[in-house]
Amino acid sequence: MSRSPRRSRLLAAVLVLPVLVTAACSAGPGEDGTVRALASFYPLQMVTEEVGGDRVTVSSLTPPGAEPHDVELSPAQVASVGAAQLVVHQSGFQPAVDDAVAQAAPEHVVDAAVHADLAGDASSHGHEADDHDAEDGDDHGADPHFWLDPTRLAAVADDVAAALSEIDPDGADVYRANADALTARLTALDEAYTAGLATCERRVVVTSHEAFGYLADRYDLEQVGISGVDPETEPSPARLREVGEVVRDEGVTTIFFETLVSPKVARTLAADLGVEAAVLDPIEGLGDDTQDYFSIAEANLEALRVALSCS
Ligand SMILES: [Zn+2]
């Protein structure tokens with residue numbers, strides 16, 4: 001469908017600069033000479049952009065502001081997976097992306113699920129998750145949201161730097177330095193969380209979707225999710241009663257909801273129980289351009305400190 005405009009653009013290029021046309025073939029650098037990388041959703045896009053700097057052009061398979069769990073890819077996006085020089089994704093999280101990576105077999109792939117040391121079944125998957133497993137994978141309770149633990153996201157930065165250095169050896173020093181700078185910021189964020197959540201009156205965090213398991217593990221909090229790991233799951237009346245009991249027993253002041261998924265269930269439950277409802281963002285995508293991973297993580301920390309009465 002987009003063939004004819006592209007052809008006329010190519011034709012113009014042929015007339016002006018015949019040499020450039022061969023450079024624009026698939027799986028080569030972009031027209032501006034940058035490495036073409038594709039990330040499957042926002043936190044991985046952020047890491048790839050930070051590590052790549054000016055030498056890399058990063059696109060995302062999940063549109064800004066979209067919820068990444070059940071992303072579907074257009075045929076053009078599937079083709080873009082094959083044309084990218086580097087694909088950064090997380091196996092077991094977005095089945096459509098896993099299928100596209102398996103089908104297009106890009107030359108350089110960073111799988112964050114391997115490098116971020118995911119708990120639970122990540123280690124039992126072996127190297128390549130079998131396509132047939134992806135479907136049951138949704139319900140077996142593994143928490144994909146590793147990026148909410150900044151130290152695990154830093155591990156991905158190292159792997160992105162290594163992959164980019166293979167593709168573009170001249171940039172190796174830049175990628176290494178950028179990865180180190182990103183790791184330093186993530187380490188500072190981790191230290192702010194550790195200090196900010198060290199002394200709190202409560203440690204139970206009630207959330208609309210069970211996205212905060214890695215964060216809870218890292219900072220010794222206890223997560224109680226209204227829905228499961230998949231934000232689209234509707235909680236049962238029995239689950240709502242259980243959560244209500246936790247809220248009363250633990251003196252919970254706040255039920256958290258998030259930005260990319262409807263807050264209705266969490267807000268209704270908070271109103272029924274007479275507690276606050278506030279945003280805790282799983283940083284799966286950006287609501288607007290003024291935010292980034294770090295600004296949202298800092299806002300989350302502040303919201304947790306208020307809800308848990310941390311000193
Ligand atoms: Zn999620």
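The values are calculated or read from the model by the stated rules, or taken from the named source; none is laboratory data. All of these numbers come straight from a predicted model, not from anything done at the bench. Counting neighbours? That spans all protein chains shown, and the Cβs are built from the backbone with ideal geometry, glycine included.
A compact table of results
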{"item": "Scan of the range 72-98 for residues that are in contact with an Asp or Glu (Cβ under 8 Å, 6 or more places away or on another chain), within 20 Å of Phe146 (Cβ to Cβ) and in a loop (DSSP other than H, G, I, E, B), ordered by number", "result": "Gln90, Ser91, Gly92, Gln94"}
{"item": "Subset of the range 35-71 (residues that are over 11 Å from the mean Cα position of the chain (by Cα) and of a type in the set (A, V, I, L, M, F, W, C))", "result": "Val35, Ala37, Leu38, Val51, Val56, Val58, Leu61, Ala66, Val71"}
{"item": "Where Val265 falls short, out of the listed (1) within 16 Å of the ligand (Cβ to nearest atom); (2) surrounded by fewer than 16 Cβ atoms within 10 Å (Cβ to Cβ); (3) more than 20 Å from the chain's Cα centre (by Cα)", "result": "(2)"}
{"item": "Odd one out for Tyr42 among (1) in contact with a helix residue (DSSP H, G or I) (Cβ under 9 Å, 6 or more places away or on another chain); (2) farther than 24 Å from Thr183 by Cα; (3) assigned by TED's automatic domain parsing to the domain that holds Leu148; (4) not polar (S, T, N, Q)", "result": "(2)"}
{"item": "Residues that are more than 19 Å from Val306 (Cα to Cα) and in contact with a strand residue (DSSP E or B) (Cβ under 8 Å, 6 or more places away or on another chain), drawn from the range 175-210", "result": "His209, Glu210"}
{"item": "Long-range neighbours under 7 Å by Cβ, at least six apart or interchain, first residue of a type in the set (Ser, Thr, Tyr) within the range 272-297, second away from the ligand (no atom under 14 Å from the Cβ)", "result": "Tyr293/Met46"}
{"item": "Of all residues in the range 143-168 being touching a Gly at 6+ places or on another chain (Cβ under 8 Å) and of a type outside the set (A, V, I, L, M), the one that is surrounded by the most Cβ atoms within 10 Å (Cβ to Cβ)", "result": "Pro144"}
{"item": "Residue check, Ile283 crowded, with 17+ Cβ neighbours inside 10 Å and over 16 Å from the mean Cα position of the chain (by Cα)", "result": "no"}
{"item": "Flag for Ser227 being buried (at least 16 other Cβ atoms within 10 Å of the Cβ) and either polar (S, T, N, Q) or modelled with pLDDT of 95 or more (or both)", "result": "yes"}
{"item": "Hits in the range 194-229 (condition: closer than 22 Å to Asp158 by Cα and either of a type in the set (Gly, Ala, Ser) or in contact with a Lys or Arg (Cβ under 7 Å, 6 or more places away or on another chain) (or both))", "result": "Tyr214"}
{"item": "Residues located in the range 35-70, provided they are within 19 Å of Pro95 (Cα to Cα), polar (S, T, N, Q) and not in a helix (DSSP H, G or I)", "result": "Ser40, Ser59, Ser60, Thr62"}
{"item": "Qualifying residue in the range 294-310 (condition: assigned to a helix (DSSP H, G or I) and in contact with a Cys (Cβ under 8 Å, 6 or more places away or on another chain))", "result": "yes"}
{"item": "Candidate set from the range 79-107 (those that are within 19 Å of the chain's Cα centre (by Cα) and surrounded by fewer than 20 Cβ atoms within 10 Å (Cβ to Cβ)); member that is nearest to the ligand (Cβ to nearest atom)", "result": "Ala96"}
{"item": "Helices (runs of 4 or more DSSP H) contained in the range 144-252 and holding at least 1 residues within 16 Å of the ligand (Cβ to nearest atom) and under 17 Å from the mean Cα position of the chain (by Cα)", "result": "150-167, 213-218"}
